[in-house]
Every structure is written in C-alpha cells, then in structure tokens.
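Below you'll find the structure, written out as structure tokens, and then a few comments.
The values are calculated or read from the model by the stated rules, or taken from the named source; none is laboratory data. It should be emphasised that the depicted structure is a prediction, and the values quoted were computed from it without experimental measurement. Cβ sites come from the backbone with ideal geometry, for glycine too, and all protein chains shown count toward neighbours. Accessible surface is based on the protein model in full, side chains and every heavy atom, while ligands, DNA and RNA are left aside. Shrake-Rupley method; radii C 1.70, N 1.55, O 1.52, S 1.80 Å.
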Protein chains: 2
Amino acid sequence: MNIPKTSFQRIVIVGGGFAGISLAKKLSKQEVQVVLLDKHNYHTFQPLLYQVSTGGLEPDSIAYPIRKILKDYPNFYFRLANVLEIDSVNKNLKTDIGYLKYDYLVLATGSTTNFFGNKEIEKNSMTMKTIPQSLNLRSLILENFEQALLTDSLDEQDALMNFVIVGAGPTGVELAGALAEIKKGILPKDYPDLDTRRAQINLIQAGDRVLKEMSREASDKAEDFLEKLGVNVWKNVRVTGYDGKNVSTNNTNISFETATLIWAAGVKGKTIKGMDGENYLTKSCRLRVNEYNQVKGCNDIFAVGDVACMESQDYPFGHPMMAQPAMQQGLHLGDNLLNMIEKKPLKPFIYKDKGSMATIGRNKAVVDLPRYKFQGVFAWFVWMFVHLYFLIGFRNRAVVFINWVYNYIRFDREARLIIRPYKKNRYIFKNY
Amino acid sequence: MNIPKTSFQRIVIVGGGFAGISLAKKLSKQEVQVVLLDKHNYHTFQPLLYQVSTGGLEPDSIAYPIRKILKDYPNFYFRLANVLEIDSVNKNLKTDIGYLKYDYLVLATGSTTNFFGNKEIEKNSMTMKTIPQSLNLRSLILENFEQALLTDSLDEQDALMNFVIVGAGPTGVELAGALAEIKKGILPKDYPDLDTRRAQINLIQAGDRVLKEMSREASDKAEDFLEKLGVNVWKNVRVTGYDGKNVSTNNTNISFETATLIWAAGVKGKTIKGMDGENYLTKSCRLRVNEYNQVKGCNDIFAVGDVACMESQDYPFGHPMMAQPAMQQGLHLGDNLLNMIEKKPLKPFIYKDKGSMATIGRNKAVVDLPRYKFQGVFAWFVWMFVHLYFLIGFRNRAVVFINWVYNYIRFDREARLIIRPYKKNRYIFKNY
C-alpha cells in the first residue's frame, strides 16, 4: 500500500465507526501517522438505520464521508480496504489492496449480525446493520405490498403483509413501532385497493421483556406503547427456524407465515483472520481486552467498541455493544496510545454510563438516565435531540431535522422508494 | 391483473414521468378509471440526476412516490410492472405481472440512451437516465480516486482521473461543470496524497457548439464558463469507440485514455413490442403521433412526452425531448381523452415554448426565454428557482434547498458516498 514511511509511529485503525472515528479525531493533532482502513468510504450513524428501512430518512443523511472527517488532519491516510488477515508476529496486515506494516494496530471493526449458527435463518432473513442492508429491507417491505395486490389468496396476502421481527432490543422495538405507524398512516392511502388492516407486526423476544438492557420501567412502558400501536409482542418465545415462508419457534403452538423475517436478535464481534482463535475471543466473538483496551496477549494490538470485550466487576460480560462505550473507548485509547509512545504509564478505561433510550413512535420514547427515568413526549424530544446532536455534519442534521418535522406534521414518510429492487422472496408464492 | 372492471372507460398510462404524471393529475377528478404502470414506484426528476451522480444531492430528494401523487384520486390504480407487449387488435397489454385490457392506452414511456448501434460503447460506458445509473456513476467516480491512490504509475492515475463526457447537451454540460467544481473544491482536501491537479474533464461534442438546442449566445457563454472552470471542450469530434480504456474518435490525432466514459450523446424513444415496427417509429425510435397525440394508424393508442414525435411546421422532427413538452402534452391529452369519451371534437396540441436553461456551475447558468436571454449569476438563481418549483413535494424541495445552500456556502458536496460499489472498470489496470 502506498503509504509513505515517516519517522512517526504508524497507528493503523481498522474501522470507521463510532470507536474508530473518535480515536482518529483524538489523534488528529499529534505526532503520529494514522492510517484508517474501512470497506466503506463513509461513517454510518447506525442508530437511525431503521428510519432508512422504513422510508423516514434518506441513507445519505445518516452517512458521512470519512475523508471529510479527516481532511484537516496532517499525517492522516484513509484507504478503502477490506482487511483479510493480521500477521501479529511481523506486524503486518493483509488487505484486498495490498500489505501494510503497523507499529500499533487498533481493531474497531464493530459487530455483525449473530445468527447463533442457524444457517437457514441466516439465508432467509433480513438484517439491518449496514446502509445497503437497510435499503434492501426498505425495498422488500414495499415490494411485499406491491406483490400482495397481485394475488387473490388472502393467505398469501397475509404472509406478504406480516412482518416478523426477532429480538426486542432497541433495533427491533424501533423498527416495530415505525412499521406500526406506516400501517396506520400510510398504507390505507397508498393501497386503497388492498385490505391493509390485515397487515401484522409481530415482535418476538426470547426473554421475558422488551428492551432488556434498560430499566424495568422503560421495558414495561415500551411494551405498553407497542401494544397501543398494534404491535403483537411475543415474550419467552425463541425462533428456531425460517425457510423463507414459515417461522417456527420453541413453542409448537406458535408459528408464523411470512415473506419477511427481520433478524435483530443478536450481534457478535466482527473478527479478522489471525485474531480469531479461542485465545482471543469470547463466546460472542469479541476480542478480550484488558483495562487499556489492549488485546490480551498482544502488546501492540488494541480493540475498541463493539468488537472489544473488557470484562470488569461492573460489566462482567464487557460493555454494552452501543455507541457510547465505543466513543468513550476510542477517545480514551487515543490518550493511552500517546502515553505508550512517550513511555508514560497507561490509564485504565472507566465507562461513564450516560444512559440509554429508545423510541417507539411519535411522542413515544423511553429514556433511562443515571438519575432519572422518564417516558412519553418529553422522552421523545430528548431522543430526537440526542440523535441530532451525535449525527456528524451540519447538512446531515439539517436534512434529518427537516424530515422529522415534515414526517411529524404530515404523518408521512416520503422516502418509500424502491430504488434498487430486492427480490429475495419475490417468487416464493405460487399464485402470482 | 387484479383491477376491477367498472362502468367507466379504462385508460392505461404506461410510465410515470413528466408526461404520465401530468396526464394522471388531469384525469384525477373525472369519471374514468385510470391505471398507471411503471417499473419504478417513484417519479424521477431527471433534470437533477447529474447532481446525484456528483454527490450534491441524495437520490431520495429527486424521487417521489407515485402512489403518494395518486393517493387522493378515486378510480386510480398503480401497478409496479414492466409492459412487455401491446396487442392493439385485442386492446390487451402483456406485462410481467399479467395481462391488462384497456379502452384507451397512453404510452408515456420516455426515452433511453441512444448509442447509435455502437455495442462496444454501450457495454463500457456509463449513462445517467435513471437514479440507479446515476448512483453507479457516483460510486465509480469515487472509486476511481480511491484506486488512483493504489498505483505508482502516473499513466494509470491519469486514466483513472480522466472523465470523458460525450455529448454537450444540458446533461453533459451540467455534469462537466459539476466535476470541474469537485476537482477544484473537494479533491485537494479529500486526496491530499494524490496529485489531483492532474484530473481532467473532457467534454466532447460532434457538432460545432455546446448546448446546440439553445441560442448561439447561450452556447458561447456556456463554453466560456466551461473553459473558465477548466473543462476541455472538444468540438467537431465524434467518438467512435471505447474498449473500457481507450476512447477513439473520428480524428486520428484525438484519443483519450480513461476509466470513465459518460455517454450523454443522445436519447431515443423507449418503445414496446407490438408498437415497434417501422410503420410507427421515426429514426430515433419515437412514435409518430398526429396533432392529438394519437399514434398514427391507431384510434385508441396515444403517446406523449419523449416517446412521441409530433411533426409540425415549427418542429419538423417533433418537439424537444424535455420536460416541458411532456408536461404540456400530458395535460392536453387529458382534455382530449375526455372529449373523445364524450364524443366531442379533439383539439390539436400547440406547444408553448417557455424557454430552456442549463447550469454550468456556481453563479454560472444560461437562460433562453422566448423574449430574453441572459447568463451568469441571475440566470443561475432563475435556474435554481425553476428547478425547485417543478420538483414534486414540499419535503423534496426543502431538502434540495438545504443542500444547495449548504453546498454554496461551504463549496461542498457531502453525498460523496459509495453506498453500492460499482466495480465495472475496477480491474482494468494491471499494476494494482
């Protein structure tokens, strides 16, 4: 790879998510060479992906060009690359655009969908971890309704209009709420010649409550909101299979027929060959790191964000796989890397939990702050404010804000566009 | 196709572009059944596609859901369908979602890129007639620069950074201007480790002036603007071939080496089997229509917009293939169809030329109105105002407006995102 060799130490960051970007910004004015590698040329604001899938936002407004973030930083290099293998002995990375030596390596590769080994579900379900995946889901949702118009069979129509979401974490809950609002506000006008009242949103949760990472109060209120919106919430039900048409569960009395299963039931660390052995990884494929985000057993390899698992007394299974810990670890590691280069002692990372939140629909959100918990309209405004605040870029904020105001006033979502058709399930039904 | 049979006459419109939508709106409150078929579920505002390609706008803001346009109209049906064949004897359409009978058929299928039979160019060049095509071009432009970083060969870098645009109509001129602005304002910051001054924009025109449909004054000024922006304008040069690397022309002294040829040199009508014989078509594949937009030789089949060629004294080769004639014909045909159903006499279509315009870059546009011609800053504001005015939907206007203000103030285009990689030319260079 054409990166000039300088007298500075070279820090290679793999991944331009929350952790990688925070770290890069922290190192911006320092005397180190930073190379950031990502397979996309943009940073994705993942918390709003569900709004892209449901036509509320355009993808471009939750993505931000990585080169633009780095543009004023000297000694910074970005390369669009897929890292294939880490050779930790020779401190060398193999990528699809060539090899790259590093002095320090930071893995900020994030997470990917966890199907817990179920290949059938992996093959047939939709996911929502990247912008292209979210756009595929947007296309499929709309295609389902177009297809439902083409059949006289009510069973087929029902299956096409049945959305089964597995996993009631923030992604599942937010998506279920958005689909319920589309059902109520948009479908009857868009499809007057289809009985869209028959559309169903089923949210399935293996545990005994939704938003299980949040307070009991938030869980209960969120479930209440979901039910008011007409979402069927299933608890203590574990999905065991999906052949593209039938969803089976651990309860033989509960099954679903659907053209769309959205899998939001789990994530796992995104690892790279060379660091993927059992020595390194937890059960959810996260890299075990010490309190300095140093990968255990490595001196010059670090991991931050979702892919890092820092076990501590407060967080025996590592920090939650969310934006906050990623950003905090990225910033903290920036200081530690400089300490390391200057042979100063490292400082342990301490996570400051600023709280968590989820939105269910218009005027309906739940917020857990360290000292306060609240739900409803005010929580919803707080949720919007916080998300706008953390979006990168003035233009993105302005466009998202305009969309939200418009959608709120007009009960609408105008980005219901099938720009790239997604035909995965298009031909599963015969009578067509 | 599941469209109920009523006592109303059924008018089937094929295509939701400017002509089809204008006609549909005109028929909205009438006692007819209207079925609109399109292979996309959205209307595309084609005049701004070049801004999607160059990262200035998000695709979602120049697209508008067709169902939303039609939502308050009774007796209206939309189907996402590709029309495969017209059986004019039995008044029956064959589509990819089944058969459909019509009483009146209106072809508003628009136009497609015309390669004038050159298969090699068709295979290797980029076009910009649809949103997916424009997004592919956006991806390719950005991928080229990412790839240029990976080679030490200046020849390869030059070819990757050379943009050859064939055809200096509005599309070619506007794209060339936008690329020149990107070269000046964005590339040096985004690619500090690449000598982007070597990037070239070549605009090639077979005729002796750019914007040949406009006034001589506009052409001269546009050429002047282009040259000030650093675009190489080639006149009286005809591109004869492109193998994915080398562009040949009718002048053996002029050739180009490029990874990106954008073909904007011509369009032709988009015809459908059953109406594609020489009886019906002109040389540019447009359907010959009489002054009532009736396809010659057919009583109940009409054509409007780009696909229709109404030869008249003022327009011996039909009206220009642009939005204005399409909209006017759509509206006019609405009246005539109602006249026809009520057995009243039809009125001949008379085109009111409201002028034409093109933008070259910031503060640089040319406007020809029937009585006035002007160029420069004021023309640029007029251009923006007119385009915002004709965009459908408040949200789209607001988002486009925000983007334009932002881009103007910041000399920026933030949608430089490779959301779906386009790898057509990615591996043509060896040293990589």
Shape of the protein assembly as shown from its Cα gyration tensor (a ≥ b ≥ c, root eigenvalues): rounded if a/c is under 1.5, otherwise prolate when a/b > b/c, or oblate?
oblate
Per-copy distances of the B:Asp96 label point, shortest first, in nm (7 angstrom along Cα→Cβ)
2.7
Counting Lys +1, Arg +1, Asp -1, Glu -1, what net charge surrounds A:Asn336 among other residues with beta carbon under 13 Å of its beta carbon?
0
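If you take the square roots of the eigenvalues of the alpha-carbon gyration tensor of chain A and sort them as a ≥ b ≥ c, do you get rounded (a/c under 1.5), prolate (a/b over b/c) or oblate? Don't skip to the end; give the middle numbers.
On the way: a/c = 1.81, a/b = 1.75, b/c = 1.03.
The shape class here is prolate.
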So the carbon and sulfur contribution to the accessible area of chain A, 1.4 Å probe, in percent, is 51 percent
Determine the per residue accessible area of the range A:200-338 with all protein chains present and a 1.4 angstrom probe, expressed in square angstrom.
44 Å²
Assuming R0 = 41 Å, what is the FRET efficiency of B:Glu122 and B:Phe411, from their Cβ-Cβ distance, to the nearest 0.05?
0.70
Name the most mobile residue of A:Ala63, A:Ala398, A:Ala24, meaning the one with the largest mean-square fluctuation, in a Gaussian network model of chain A with Cα contacts below 10 Å.
A:Ala398
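So with the 1.4 Å probe, I'd like the accessible area per residue for the range B:1-131, rounded to whole Å². If you can, show how the numbers build up before the last one.
Working: 4500 Å² over 131 residues.
It amounts to 34 Å² per residue over the range B:1-131.
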Put simply, what bits of the range A:410-424 lose 50 Å² or more of accessible area when the other protein chains are there, versus the chain on its own (1.4 Å probe)?
A:Glu414, A:Arg416, A:Leu417, A:Ile418, A:Ile419, A:Arg420
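When DSSP beta bridges are limited to those with both residues in the range A:119-263, what percentage is antiparallel, rounded to the nearest 5?
Values: 6 of 19 bridges.
Close to 30 percent.
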Between the helical axis of A:394-410 and the dominant principal axis of chain A, each derived from Cα atoms, what acute angle in degrees is found, rounded to the nearest 10?
20 degrees
Roughly how many Å is it from the Cα centre of the range A:293-367 to that of the range B:328-349, as a whole number?
68 Å
Full-extension gain in nm, A:Lys29 to A:Thr6, via 0.36 nm per residue minus C-alpha separation
6.7 nm
Assume the label is 7 Å from Cα along Cα to beta carbon: what separations in nm does A:Ser248 have to the matching positions in the other copies?
6.2
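Let me check something: with ligands and nucleic acids excluded, how do B:Asp103, A:Asp155 order by accessible area (1.4 Å probe), largest to smallest? Before the final figure, lay out the partial values.
Working: B:Asp103 40, A:Asp155 110 Å².
Reading off the accessible areas and sorting them downward yields A:Asp155, B:Asp103.
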Using θ = phi - 60° and the Karplus curve 6.51 cos²θ - 1.76 cosθ + 1.60, what whole-Hz ³J(HN,Hα) does each residue of the range B:281-293 get, with Gly and Pro shown as x?
9, 7, 4, 9, 6, 9, 7, 5, 10, 7, 5, 9, 6
Highest-fluctuation residue, A:Asn114, A:Asn202, A:Asn363 considered, GNM on chain A with Cα pairs under 10 Å
A:Asn363
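Count the DSSP beta bridges whose two residues both fall in chain A, then state the antiparallel fraction as a percent rounded to the nearest 5. Write out the running numbers ahead of the final one.
Details: 31 of 64 bridges.
DSSP beta bridges in chain A are roughly 50 percent antiparallel.
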Working out 0.36 nm times the residue gap between B:Arg371 and B:Lys189, then minus their Cα-Cα distance, what length gain in nm do you get to one decimal?
61.2 nm
For chain A: relative contact order, % (alpha-carbon pairs under 8 angstrom, 6 or more apart)
20 percent
Helix B:170-185 axis, angle to chain B major axis (alpha carbon atoms, nearest 10°):
30 degrees
Chain A, closest residue to the rotation axis toward B, by beta-carbon, whole angstrom:
A:Glu58, 2
If you build a Gaussian network model of chain B, linking Cα atoms that sit under 10 Å apart, which residue out of B:Ile97, B:Ile182, B:Ile141 swings the most?
B:Ile97
Part-to-part distance (alpha-carbon centres) for the range B:61-108 and the range B:187-232, which is given in Å:
41 Å
What are the residues whose amide H is under 5 Å from the amide H of A:Leu36, where those residues sit 5 or more places off or on another chain and H is modelled from the backbone?
A:Ile13, A:Tyr77, A:Phe78, A:Arg79
Of the candidates B:Gln205, B:Val164, B:Gln147, the farthest towards the positive dipole end of the range B:119-265 (Lys/Arg Cβ +1, Asp/Glu Cβ -1, centred on the Cα centre) is B:Gln205
Considering only the protein assembly as shown, percent of DSSP beta bridges that pair antiparallel, nearest 5:
50 percent
Placing the label point 7 Å from Cα along the Cα-to-Cβ direction, what are the distances from B:Lys344 to the equivalent spots in the other copies, shortest first, in nm to one decimal?
8.5
Under a Cβ-Cβ cut-off of 12 Å, what is the net charge of the residues other than B:Pro170 that fall near it, where Lys and Arg count +1 and Asp and Glu count -1?
-2
What does the accessible area of B:His319 come to, in Å² to the nearest 10, when a probe of 1.4 Å is used?
10 Å²
Let me spell out the model: positive unit charges on the Cβ of Lys and Arg, negative unit charges on the Cβ of Asp and Glu, origin at the Cα centre of chain B. What dipole size does that give, in debye rounded to 20?
1020 debye
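With contacts defined as alpha carbon pairs under 8 Å and 6 or more residues apart, what's the relative contact order of the range A:119-263 in percent? If you can, show how the numbers build up before the last one.
Numbers: 241 pairs, mean separation 44.7, N = 145.
Value for the range A:119-263: 31 percent.
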Go through the range B:51-77 and flag every residue whose accessible area shrinks by 50 Å² or more with all protein chains in place compared to the isolated chain (probe 1.4 Å).
B:Glu58, B:Asp60, B:Pro65, B:Arg67, B:Lys68, B:Lys71
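Can you tell me the FRET efficiency between A:Lys273 and B:Asn279 if r is taken as the Cβ-Cβ distance and R0 is 56 Å, rounded to the nearest 0.05?
In this case the efficiency is close to 0.30.
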Label A:Glu85 and A:Tyr389 with points 7 Å out from Cα along Cα→Cβ: what is the distance between them in nm?
4.6 nm
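Once you charge only the Cβ atoms, +1 for Lys and Arg and -1 for Asp and Glu, what is the size of the charge dipole of the range A:142-239 about its Cα centre, to the nearest 20 debye?
Values: 12 positive and 18 negative charges, 91 e Å.
Result for the range A:142-239 is approximately 440 debye, rounded to the nearest 20.
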To the nearest 100 Å², how much accessible surface do chains B and A hide from each other in total, with a 1.4 Å probe?
5100 Å²
From Cα pairs below 8 angstrom and at least 6 apart in sequence, can you work out the relative contact order of the range A:35-78, rounded to a whole percent?
52 percent
How would you classify the range B:119-265 from its alpha-carbon gyration tensor, with a ≥ b ≥ c the square roots of the eigenvalues: rounded for a/c under 1.5, else prolate if a/b is greater than b/c, otherwise oblate?
prolate
